[in-house]
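Remarks on the structure that follows.
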C-alpha cells in the first residue's frame, strides 16, 4: 500500500453522499400511503404531487421550505472529496455536515407536525406556519442515515477508535436506533403521564393518577380488592419463589440423582420457547374451569356446585408457574452443573456427609444462580399479559390494567403511562438488583482446567421429596399439554365431547380452484401476516444483535458500559410497556408508523435484540482475538474482517439467533396487542380475540397449530446447528495440535 | 514473478503507550530498525515488547511520539492501512478457510486479480515447503505446518516489515530449532525487515542481527548478539542474556584501558570499560570459570551434575555462590572437594556495582 491509496476518496464516503442526494432528490420525502414497495406512488403524480414528492421538488415548488437548509450539509461533503483522509479539514467538514444535517432533520421533525408548529413559542416567534408535515418517509430516512454516517466518518477520521470507520459507524448506528426505538418512546410515555386532558403538563395530574386506590389499595386484607400494583408484586414474588424451587428440583434430579429419564426432563426446557404464553391459561380452563374436566369430576363425585375458583390469583399463579418453571430450570441447570465436583469431593474427604456437603458447600455455591432464577421469574411474571387476561377475572394486575386503560372504554393515556411507569419501576429494580447481585458475587467454579470429579448424589432425605415434586410437576405439565391437543379436537368442551376436526377446518381450510389455491380458513390472514412479520424481523434482529455483540466483545470505546447497559435494558422492559410507549410515540410525526407492519417488525427487533446480543457475545468470546488481528494486519479492514472471518465462524450462533427471534416474534402477545391493526393482525392477538368471544375450540386449535409449527422450526434448527457444531468441534480439536 | 522484498526501515521517536491512566506499557522509547535486518525484542514478560510490536502493526496506537515505516509517518494509521504483516503466536489461521484461501486472504485486499493472487499464494506455499498442501484445512496440518502457513500468508504480501510474535512458543524443542533456522534463511534470502518478539534468549541470540533488550517498559540495551553477550551494559542484561555469575569485586587500579580487580584477595586484569577504582561487579559466564588446584579463589564444590556433554558445578566460597560448567566429563569433581577458582583471560566483564 502506497501513499496514493490514502489520497483516493473512500468508497464509503461516496456511497453515503450519493445516498443522501438520492434520498433528497429522488425518493418520496414523506410516508407514502400504500407503502413504498407497492410503487403506486410512481403513477400518483410523482414527482410533483405534495404527498409523494422528493424533498428537492417540494422546495422547488415553494412548499415545505424548512427542508431547504438541508442543501447545505448535503453539499458540504462534496468539498472534501479530493481531500486526503488525514487532512484535519476532511474530518471537520464531515462532522459539521453530518451534525448539521442530522440535527436539523430532528429539529424540524419535532417542531413541525400535522398542525403546523408543535410549540407555542415557535408560533409566536414566526407566526402561523400555514403548512404542515406528516411522518418521515424513505427519502427522509435515507437522508438521515446519510447524515449520521457522514458524521461517524468524520469522527473516525479524527482518530476515534483507531480511525476505524466501520466500528464508529456501527456504534453510531446502534446508539441511534436504540435511542429512537427504546429510549425515545419510553421518555415520551413518561411525559404522557404528566399531561392533562387539554394538553398542558401538570404534576397534580400525575399525582392523582399515581395515588389512585385502584393502584395501591390494600383492600384485600379486609375482604375487598387490592390495588393492581400490590397484586402484581405479590404474584411476581410468589411466582419467582415457586419457579425457583421447582427449577432447582428439576436441576437436582437431572444432575444429582440416579433418575433414568433425564433427557426427557431436559426436553421440558424447549416448552416455553414454543408455547404462546396464554396457551397454558387456556389449558387450565379446560381442566379446572367451570366446565373443566377435573371440576366436573369432583362436582359429580361430591355433588357440590362447581366454582369459579380458578379465575383470579390462583389460576394466574398456576399458569405462570407452569409457563416459567422451565426458564428457571434452564438457568439453574447451568448453575448446578457449574459447581465444581472437586469442591464437593473435597468436602466429603473432610468428613462431611452427603447432607452436610449439600448444605454447606453445594447450596451456598448455587446461591447467585438461585437469585438469578428468582429475578427472572419475577420479571417474567410482571411482564406476562396473556395469562392474566385469560384467567385474571377480578384480579387486576398492572399489565392487563395498562391494556384496558388504552383500549377500553376509559381510553386514558395518562393512566396507562402511569401504570406502565410503575411496572417499569418494578422490573428495572429487579433487573438492577440482578446485575448488582451477580456483579459482586461470582461463584463460578468452572475453570479452563479439566475437572475430573463426579457430582455426588443428593442425600436420600432430600432426593425423595425432590424427585416426587419434580415428577409430579412434570406429569402435570404433560397433562396440560395433552389437554391442549385434546381440546382442539372436541366439539364443545365440557358440553359435547365428540371428536371433530371442525375447528381446524374453520381455521385452516383451503380450496383448490381453477385460479389456484384459495385460503378460505378464518386464521390464514393472521397466520401469514405473523409468518411474514416474524420472517422479516428475525434477520434484522439477528443482525442488530450480532453487530452489537461484536462491538461489545471486540472493540473498546468510551462509554462502552453505558452502551451495554442500554442495549440490555430493553430486556427488562415489559412488552406491555413497549406497546404503550410505541403507540404514544409513533402515532405522530416525525416517525408515524402506528398501524403499519413496520411498527410490529421494529417492536420485535428491539424486544428480542438482547437475545441476539447474548448469543453473539457467548460465541464471539470463544473466537481467539488474534484471528481478527491477523486479518487486519493482512490488509482487510474491520468490515471485511467481520464479514469474512467472524461471521462465517459464527454460523451456529446466527442460526440460533434467527430461529429464536422468529419463534419469539410468533408467540409474543404483550406488545403486539397494542400494535396490531385490522390490516396487520397477528396470530396471537387473533387467538386472544377468539378467547374473548368464548370461541375456545378455534383458539385452541390455532394455538396447537402454532406449537407444532414452532416445534418443527426449533427441531430444524437443532438439526442444522447440530451438524455445524460437529464440524466446528473437529476443527477445534485439530487446530490445537 | 517471485516474492520480492520491499523492506523498509522502522523508526520509533519517543514513543509511549499508556493503558488507562496509570499503566505505562512502553515508556518513551527510541528505536531504529534498519531495512533488511532481523531485530529481536527480548525481555521478561510484561516488559512492553509485545506492545511495541503491536504498535508497529497498528494494533495498538501510540499514546505519544512518532512511528515511521520507510519515510512515512504511520503513527495514526490503523493496521489495515499499514504495509506490515504479522505472524501470531497462535498462528490465527482462519479455521473455515483452506490453506490456499488463508494465504490468498491478504492478496485479495491488495488489488490483485484472482489468478495473480492464486499463483502468488502458491509461490508462497512453495517457499515455505508446503507445496501440494493448498486444499487442506488448517486443522489437517501439524503445528509446524500451520506455523509455516502463517509465515507464507504474511510473506506473500511482500510487506515493508514482517512481524513475529513469539512464533515458536507453541512448537516442541526440536521443531523450534528447525523453524527458527527456516525463518532466518527466508529473511536473509529475501532481505526482509523483520521484527521478532521472544522471551527466549537463546532463540534471540540465534536468529538476530540485532537484539533490543527491554525492561520495565524501556530499552535496557541494543546491540548485536555478540555485543550483548560479551559486553552487557549492566547486571540486568548480563543476567538475562545467557547465564552470568555476578560477583562483588573491587577495582584496585586502572591503567589506561585495563583495570585490576580483587576478589577474595585474588587479582584479575580486564578491560576497565571506563569504570573508576572502587566497588564494582564482575560478570562471569559459567564457561569462563576455570577450576583448578593452584593459586586462585578458594571454593568448595557444593553440587556436581552430569548433563551428558559437560559437567555443571555449583561452587561456594566467601564470594557467595557461582555456577560453572566444565567440558571435562571424564574426571568429575565430587561434592565437598576443595578447589580454587580462576577466570579465563577473555570473557569476564566489569559492570557498575
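Every read-out reported here was derived from the displayed coordinates using simple, explicitly stated rules and does not represent laboratory data. These numbers were taken from a predicted model, which means no experiment stands behind them. Methodologically, a virtual Cβ is constructed for each residue, glycine included, from the backbone with ideal geometry; neighbour enumeration extends over all protein chains shown.
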Given an 8 Å cut-off on Cα distances and at least 6 residues of separation, report the relative contact order of chain B as a percent. 16 percent
Alpha-carbon Debye profile of segment A:3-158, log10 I(q)/I(0) at 0.19 Å⁻¹: -1.09
Sum of -39500 (n - 2.57) over DSSP H runs of 4+, divided by residues of chain A (222 nm, nearest 500): -20500 deg cm²/dmol
Rank B:174, B:131, B:104 by mean-square fluctuation in a GNM of chain B with C-alpha springs under 10 angstrom and give only the top-ranked residue. B:174
Looking at segment B:38-149 from every direction and averaging, what is the projected area of its Cα convex hull in nm²? 8.8 nm²
Assign one of three labels to segment A:228-443, namely rounded, prolate or oblate, based on the Cα gyration tensor with a ≥ b ≥ c the square roots of its eigenvalues; rounded applies when a/c is under 1.5, prolate when it is not and a/b is larger than b/c, and oblate otherwise. oblate
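In percent, how large is the relative contact order of segment A:558-697, given Cα pairs closer than 8 Å and 6 or more residues apart?
Values: 96 pairs, mean separation 49.0, N = 140.
Relative contact order, segment A:558-697: 35 percent.
Answer rounded, prolate or oblate for chain A, using the Cα gyration tensor with square roots of eigenvalues a ≥ b ≥ c: rounded when a/c is under 1.5, else prolate when a/b is larger than b/c, else oblate.
Numbers: a/c = 1.83, a/b = 1.30, b/c = 1.40.
It is oblate, given that a/c is not under 1.5 and a/b is not larger than b/c.
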Based on the mean of other Cβ atoms within 10 Å per residue, sort peptides A:587-599, B:296-308 so the most packed one is first. A:587-599, B:296-308
With axes computed from alpha carbons, what is the tilt in degrees of helix B:173-190 against the longest principal axis of chain B, rounded to the nearest 10 within 0 to 90? 60 degrees
Between segment A:58-127 and segment B:2-64, how many Å separate their Cα centres? 45 Å
Give the angle, between 0 and 90 degrees and rounded to the nearest 10, that separates the Cα long axis of helix A:696-735 from the longest principal axis of the Cα atoms of chain A. 80 degrees
How many angstrom separate the Cα center of segment A:239-298 from the Cα center of segment A:658-672? 21 Å
Shape category assigned to segment A:489-604 from the gyration tensor of Cα positions, a/c cut at 1.5: prolate
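I need the Kirkwood Rh of segment B:178-319: take the reciprocal of the average 1/r across all distinct C-alpha pairs and report it in angstrom. Please list the in-between numbers first.
On the way: mean 1/r = 0.0562 Å⁻¹.
About 17.8 Å, per the Kirkwood formula over Cα pairs.
Shielding by partners for B:68-80, please: the mean number of other protein chain Cβ atoms within 10 Å of each residue's Cβ.
Working: counts 0, 0, 2, 1, 4, 1, 0, 1, 5, 6, 11, 14, 15.
The shielding value for this peptide is 5.
Please give the average number of partner chain Cβ atoms lying within 10 Å of the Cβ of each residue in A:557-569, rounded to a whole number.
On the way: counts 0, 0, 0, 0, 0, 0, 0, 0, 0, 0, 0, 0, 0.
Taking all residues of A:557-569 together, the mean is 0.
How high is the relative contact order of chain A, in percent, with contacts defined as C-alpha pairs under 8 Å that are six or more residues apart?
Numbers: 1075 pairs, mean separation 108.4, N = 737.
Normalised by residue count, the contact order of chain A is 15 percent.
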What's the angle, to the nearest 10 degrees (0 to 90), between helix A:575-586's Cα axis and the longest principal axis of chain A? 20 degrees
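Work out the mean other chain Cβ neighbour count within 10 Å for the residues of B:126-139 and drop it here as an integer. Before the final figure, lay out each step's value.
Details: counts 0, 0, 0, 0, 0, 0, 0, 0, 0, 0, 0, 4, 4, 10.
Partner-chain Cβ atoms within 10 Å, mean over residues of B:126-139: 1.
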